[in-house]
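**Student:** Structure below; questions to follow.
The values are calculated or read from the model by the stated rules, or taken from the named source; none is laboratory data. All of these numbers come straight from a predicted model, not from anything done at the bench. Cβ sites come from the backbone with ideal geometry, for glycine too, and all protein chains shown count toward neighbours.
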């Protein structure tokens, strides 16, 4: 006699994760530009500048879909950066 999985089985409702850039979170900036290391900290994706430097230099961060290894890379409104499955879009403050 075979049993059917109950509706409460955790695997029954599992979905594939969405692509990180499908719905990037907005990161408002006051100036027209922010550096990548600062943006990672402001978006709470890393704790401090040392962490930002490490993940950027390791090639774990992408900007507009391309790997970026320069911590000082300038980001402008419209740019999207990704790290650890999270995508963030730079937007002007109040916009």
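**Student:** Any idea how many residues of region 62-79 are in a strand (DSSP E or B) and buried (at least 18 other Cβ atoms within 10 Å of the Cβ)?
**Tutor:** Narrowing region 62-79 to residues in a strand (DSSP E or B): 62-63, 66-67, 74-75.
After this cut, where a residue has to be buried (at least 18 other Cβ atoms within 10 Å of the Cβ) as well, the list is 63, 75.
Count: 2.
**Student:** Another question about this same structure. Report whether or not residue 27 is within 19 Å of residue 85 (Cα to Cα), at pLDDT 95 or above and either loosely packed, with under 14 Cβ neighbours inside 10 Å or in contact with a strand residue (DSSP E or B) (Cβ under 6 Å, 6 or more places away or on another chain) (or both).
**Tutor:** When the stated conditions are applied, residue 27 passes them.
**Student:** Give the residue that is surrounded by the most Cβ atoms within 10 Å (Cβ to Cβ), with candidates limited to residues of region 31-61 that are part of a loop (DSSP other than H, G, I, E, B) and more than 13 Å from the chain's Cα centre (by Cα). Let's see the steps before the verdict.
**Tutor:** Within region 31-61, the subset part of a loop (DSSP other than H, G, I, E, B) is 31-33, 43-48, 58-61.
So of that shortlist, the ones also more than 13 Å from the chain's Cα centre (by Cα) come out as 31-33, 47-48, 58-59.
Values: 31: 8, 32: 10, 33: 13, 47: 10, 48: 10, 58: 10, 59: 10.
Filtering first and then ranking leaves 33.
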